[in-house]
Amino acid sequence: MEVPKLVTEIPGPKSKEIWEKEKKHITTGLAPGTQMVPVVFERGEGAVLWDVDGNVFIDLAAGMLTTSTGHCHAKVVQKLKNQVGKLWHVHDFPTPDRYKVCSLLAKKTPGEITTFEFYNGGTETIEAALRAAHSYTKKSVFLGFHGSFHGKSIGARMLMGQRNFGGPIPDAIHVPYANCYRCEF
């Protein structure tokens, strides 16, 4: 398989058509990269993505669900199918599988760390970290980095220092990344 493989301009005609139709229904706040290159992806496998126009890309973004295994890893897909056929969502009630994960984590983590909390994604995790830090320090000013992305909630937006989600929110100090390659100074 040839990767990358471009068979149309980017974005291609089908991507443009779908993008124009969809953007009537999507609120503001999309990631800047999405807005700059509105490609419509159709499928993925490992680190490879296909768009609706037949272009093939290497996925260099690797979202939170694909970072460790890539897109549609056969074992992950099978585990998801098994779970979906058994049980979907029971809030914070215990399950045998969650107990197994907690037990394994307690054995593997250093020191006396034996309790855990699970979240649905990055934004929810950031919010929990902000709550924990505030609870522990009793302080409400946080540090964030220019150009970072933590999610679309109020607390996550506060850390980002970006204006494309409705402007920064007070109570955050924003500093540049320590990046000698692209130094802001």
### Query
Take the residues of the range 4-20 that are over 24 Å from the mean Cα position of the chain (by Cα) and among the aliphatic types (A, V, I, L, M): which is surrounded by the most Cβ atoms within 10 Å (Cβ to Cβ)?
L6
### Query
When you look at V90, is it free of Cβ contacts under 8 Å to residues at least 60 places away in the same chain, of a type in the set (V, I, T) and either in a loop (DSSP other than H, G, I, E, B) or at positive phi (or both), yes or no?
yes
### Task
Might you check whether a residue that is under 25 Å from G151 (Cβ atoms) and among the basic types (K, R) occurs anywhere in the range 7-22?
no
### Looking only at the range 21-50, and only at residues there that are in a loop (DSSP other than H, G, I, E, B) and in contact (Cβ under 8 Å) with a residue 24 or more places away in the chain, the one that is surrounded by the most Cβ atoms within 10 Å (Cβ to Cβ)
V39
### Query
Can you tell me which residues in the range 59-78 are farther than 26 Å from K21 by Cα and either β-branched (V, I, T) or loosely packed, with under 12 Cβ neighbours inside 10 Å (or both)?
L60, M64, L65, T66, T67, S68, T69, A74, K75, V76, V77, Q78
### Output for the range 96-143, where each listed residue is among the hydroxyl-bearing types (S, T, Y) and in contact with an Asp or Glu (Cβ under 8 Å, 6 or more places away or on another chain)
S140
### Message
So for the range 56-66 (the condition being part of a strand (DSSP E or B), under 24 Å from F149 (Cβ atoms) and within 22 Å of the chain's Cα centre (by Cα)), does at least one residue qualify?
### Response
yes
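FYI, it's all coordinate maths here, none of it is from the lab. Small disclaimer: the values here were computed from a predicted structure and weren't measured. Note that each Cβ is placed from the backbone with ideal geometry, even for glycine, and that neighbours are counted across all protein chains shown.
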